[in-house]
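Asker: The structure under discussion is supplied below as structure tokens; questions concerning it will follow.
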Amino acid sequence: MQTTTDHFLTTHAGSLPRSDALVALHLAHSRGEPVDKGRLAEAALSSTLDVVRRQADAGIDIGGNGEQARESFFTYV
């Protein structure tokens, strides 16, 4: 477990903006259009790495995936 004595640890919970490429792939999938699963996985990974890097750059201590691999929270409710 990560701890500190010099500041409050910060994190982020929930969805973060997705890359345009990932949004387009999620949208096509939700419309029932054929989507290359490898391309979707690659876009989700790339977008995840980007949001984690941006959280680290912003000073977030414990980064999260920002729900990149999910099309939308509402599709899981």
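Asker: Could I have the simple spin-label model distance between A21 and S46, label points 7 Å from Cα toward Cβ, reported in nm to one decimal?
Answerer: It works out to 0.0 nm between the two label points.
Asker: Could you calculate the FRET efficiency of T11 with A69 from 1/(1 + (r/R0)^6), where r is the beta carbon distance between them and R0 is 22 Å, rounded to 0.05? Write out the running numbers ahead of the final one.
Answerer: On the way: r = 19 Å, r/R0 = 0.84.
The formula returns an efficiency of 0.75 here.
Asker: For the residue pair S30 and D57, what label-to-label distance in nm results when each label sits 7 Å from Cα along the Cα-to-beta-carbon direction?
Answerer: 2.6 nm
Asker: If you fit an axis through the alpha-carbon atoms of helix 20-30 and take the longest principal axis of the Cα set of the chain, what angle between them do you get, 0 to 90°, nearest 10?
Answerer: 50 degrees
Asker: Is there a quick way to get the dipole size of the chain? I mean about its Cα centre, with the Cβ of Lys and Arg at +1 and of Asp and Glu at -1; what is the value in debye to the nearest 20? List each step's numbers first, then the result.
Answerer: Details: 7 positive and 10 negative charges, 40 e Å.
Approximately 200 debye in magnitude.
Asker: Continuing with this model, one more query. Pick out, from G64, G14, H29, the residue whose Cα sits farthest towards the positive end of the charge dipole of the chain, with +1 on the Cβ of Lys and Arg and -1 on the Cβ of Asp and Glu.
Answerer: Sorting the options by dipole projection puts first H29.
Asker: Given just the C-alpha atoms of the range 8-47, how large is their convex hull per residue in cubic angstrom?
Answerer: Working: hull volume 3.1 nm³, N = 40.
Looking at the range 8-47, the number lands at 79 Å³ per residue.
Asker: Here's another thing I want to ask about it. Quick one: P(r) of the chain from all Cα-Cα pairs, 10 Å bins, percents rounded to integers, in order of increasing distance.
Answerer: Per 10 Å bin, starting at zero, the Cα-Cα P(r) for the chain comes out as 19, 42, 25, 11, 3, 0 percent.
Asker: What accessible area per residue comes out for the chain, rounded to a whole number of Å², with a 1.4 Å probe? Working shown, then result.
Answerer: Values: 5780 Å² over 77 residues.
Averaged over the residues of the chain, the accessible area is 75 Å².
Asker: Measure nothing fancy, just the Cα-based angle from helix 37-57's long axis to the longest principal axis of the chain, in degrees from 0 to 90, nearest 10.
Answerer: That helix lies at roughly 20 degrees to the long axis.
The values are calculated or read from the model by the stated rules, or taken from the named source; none is laboratory data. What you are looking at is a predicted structure, and each value in this text was computed from that prediction instead of being measured. Glycine gets a Cβ as well: all are built from the backbone with ideal geometry, and neighbour counts include every protein chain shown. To get the accessible areas, we keep the full protein, side chains included, count just its heavy atoms, and leave off ligands, DNA and RNA. Shrake-Rupley method; radii C 1.70, N 1.55, O 1.52, S 1.80 Å.
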